Amino acid sequence: MATHRPFLAVVLFFALGIILEQYLAFPFAVGICLTVFLLILSLVFIRHRFCFAIFAFLSFSSAGFIFSHSYQTSPENHISRVAQFYYGKTASFEGLVASDVDKRNVWGSTKTAFVLEIKRVPAPWGWQERRGKILVNVFRDCAVTYGDYIFLEGKLHRPFEFSGDSTFSYEKYLSRKGIQYILSVKKIGRVEILNQEQGFWLKAASLKTRDKLRAMFEKYFLPNEASLLITALLGEGAQIPKHIQELFVQTGTAHVLAISGFNIGIVTVVIFLFLRILPIGRKSQIILTIALLIFYSFLTGAKPPVVRATIMATVFLLSFLMQREIDAVNSLSLAAFLILLVNPLNIFDVGFQLSFVSVLAIIQGYPVLMNFLAPFEKRLLKPLSWILKSFLVSLTAWGGVLGLIAYYFQVITPITLLANLIVVPLSSVLVVLGLGFMLVSTTIPFLTFAFVACLRFILNGMVWVIYWFAQIPWSHFYMKDVSIWYVMTYYIIVSLALNAWKVQQAKKSSTKFDKIIELC
């Protein structure tokens, strides 16, 4: 078993334990005993490398099982212990607004939604402390913000299932975020702010900044343009028209609408290049870049793809400070492990899966394809060589997520390979211009019009290109009843093929080395 990339094996076995916890049931004490037993066996066989690795990694699976079970076990004072007593009645709660406040137009009126971290609930013998999170829907425009400590009244109920799609459950989606109940507050329902600015200061500052930037986008751009830019640059789920969303899905370019590793990479380069202009040392530049990246991750909602990319960028930048080489797979695995430690149920999030699988596919698959095409690539001019490399990156990423896309969205998009050759460069320019707009609109307003004109040109051009690709016959086609077993088979075959190639390359390298030794 390869141990030169220990974090990869650790996160795979840890994730396996989390997944098994959803389907297997045995006492918590048994899991603890099994973990201790496996750790003891790993120590017993510490001199036998293979056996030590097997037992050590299995102990991580057992630890993942225990951690996931513990994460989902509610404490004694959790709201779920008494929630049934509130059904059909008007329930009162005190708590902290623990998320950004989302306001949307629903059926001609405004709905205000946010996550409430419960602190106290009333009881016949007085107020008592309770814990837990609930999703609050106030069916009017409500002036609450993150960090407000509030009192409110409404009807408590379980989440409803609005979709017949077997691959998505709204109830499970909320449950994995630690939310089991929804509180609906009518237009005349009571919502009272008792205190303000009680949340985490960094998150509060980032959300205030995001609100100001969102207002800037809405001020200078048309509604559809603003919604696309807000989604792509601030990570906020703006109300993009459904027909435009479909175009991105049908061409496999929906990733440009999500804050991902690609965006974070561009942001990292832009920040670092900007800081190089300032008269500060290289170490200070790197530390400031990391700090601004962390702030940007909070600004965009700290979603798993953003956290993953931020951790990878941070590890990469720290390697310069420590003057050490990094392994991309280890960095990716470390990022995944840290995200699962925060919330083990992130493993079931579609965005988490697509993000990590696509990056892993590029890291592992791109060198393989380049090895086959290297002789041909050397004969090409630089522009054609760049196009070929971009195509191979797109191909490996598409091949990596193909199984997951087919399973979750029942769509296959071959046109992605061509569309990304144009859309990805346009998206890069869009991100750079967007960062410039956000900086200039808040510091040098009279220069804003120049960025607005450029952003409109690039954005509308990108949407036009995507529309054109979507019209090509067989650019996409839908599938039905894609079984999880088909998906697993696909990834097993791809993994075996990659492993076989690596073994073959290792044998060739060994043969060459033996010949050199003989000649010497």
Next item on the list: Restrict the check to the range 328-336 and report whether at least one residue is open to solvent by 30 Å² or more (accessible area, probe 1.4 Å), modelled with pLDDT of 75 or more and under 25 Å from GLU171 (Cα atoms).
Entry: no
Next item on the list: Identify the single condition in (1) part of a helix (DSSP H, G or I); (2) out of contact with any strand residue (DSSP E or B) (no Cβ under 7 Å at 6 or more places or on another chain); (3) at pLDDT below 90 that ASN105 does not satisfy, given that it satisfies every other one.
Entry: (1)
Note to self: I need a count of the residues in the range 177-193 that are in contact with a Ser or Thr (Cβ under 9 Å, 6 or more places away or on another chain), open to solvent by 50 Å² or more (accessible area, probe 1.4 Å) and either within 12 Å of ASP141 (Cα to Cα) or of a type in the set (Asp, Glu) (or both).
What the structure shows: 1
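Residues checked against (1) surrounded by 14 or more Cβ atoms within 10 Å (Cβ to Cβ); (2) not in a helix (DSSP H, G or I):
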| residue | (1), (2) |
| --- | --- |
| ALA9 | yes, no |
| TYR23 | no, yes |
| THR35 | yes, no |
| PHE60 | yes, no |
| ALA63 | yes, no |
| GLN84 | no, no |
| SER92 | yes, yes |
Margin query: For the range 194-227, give me the residue count where each residue is surrounded by 17 or more Cβ atoms within 10 Å (Cβ to Cβ), small (Gly, Ala, Ser) and farther than 13 Å from ASP100 by Cα.
Written below: 2
Item checked: Qualifying positions in the range 317-330 - part of a helix (DSSP H, G or I), in contact (Cβ under 8 Å) with a residue 24 or more places away in the chain and under 26 Å from LEU288 (Cβ atoms) -> LEU317, LEU318, PHE320, LEU321, ALA328, ASN330
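Report whether or not LEU43 is part of a strand (DSSP E or B) and at pLDDT 85 or above. Walk me through how you get there before you give the answer.
Values: part of a strand (DSSP E or B): no; at pLDDT 85 or above: yes.
Here the answer is no, as LEU43 does not meet what is asked.
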Check: Cβ-Cβ below 7 Å, separation at least six or inter-chain, first residue in the range 353-370 and of a type in the set (S, T, N, Q), second assigned to a helix (DSSP H, G or I) and open to solvent by 40 Å² or more (accessible area, probe 1.4 Å): which pairs?
Finding: GLN364/LEU498
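Condition check ((1) part of a loop (DSSP other than H, G, I, E, B); (2) farther than 24 Å from GLY301 by Cα) across all residues:
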| position | (1), (2) |
| --- | --- |
| THR110 | no, no |
| VAL115 | no, no |
| VAL144 | yes, no |
| ILE150 | no, no |
| LYS187 | yes, yes |
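Within the range 403-410, can one find any residue that is touching a strand residue (DSSP E or B) at 6+ places or on another chain (Cβ under 7 Å) and either small (Gly, Ala, Ser) or in a helix (DSSP H, G or I) (or both)? Walk me through it before giving the result.
Quick first cut of the range 403-410, residues touching a strand residue (DSSP E or B) at 6+ places or on another chain (Cβ under 7 Å) only: 405-406, 410.
Next, from what is left, pick out any that are either small (Gly, Ala, Ser) or in a helix (DSSP H, G or I) (or both): 405-406.
So far as the range 403-410 goes, yes, one or more of its residues are touching a strand residue (DSSP E or B) at 6+ places or on another chain (Cβ under 7 Å) and either small (Gly, Ala, Ser) or in a helix (DSSP H, G or I) (or both).
The values are calculated or read from the model by the stated rules, or taken from the named source; none is laboratory data. None of the values given here were measured: they were computed from a predicted structure. Note that each Cβ is placed from the backbone with ideal geometry, even for glycine, and that neighbours are counted across all protein chains shown. The area values use the complete protein model at the heavy-atom level, side chains included, leaving out ligands, DNA and RNA. Shrake-Rupley method; radii C 1.70, N 1.55, O 1.52, S 1.80 Å.
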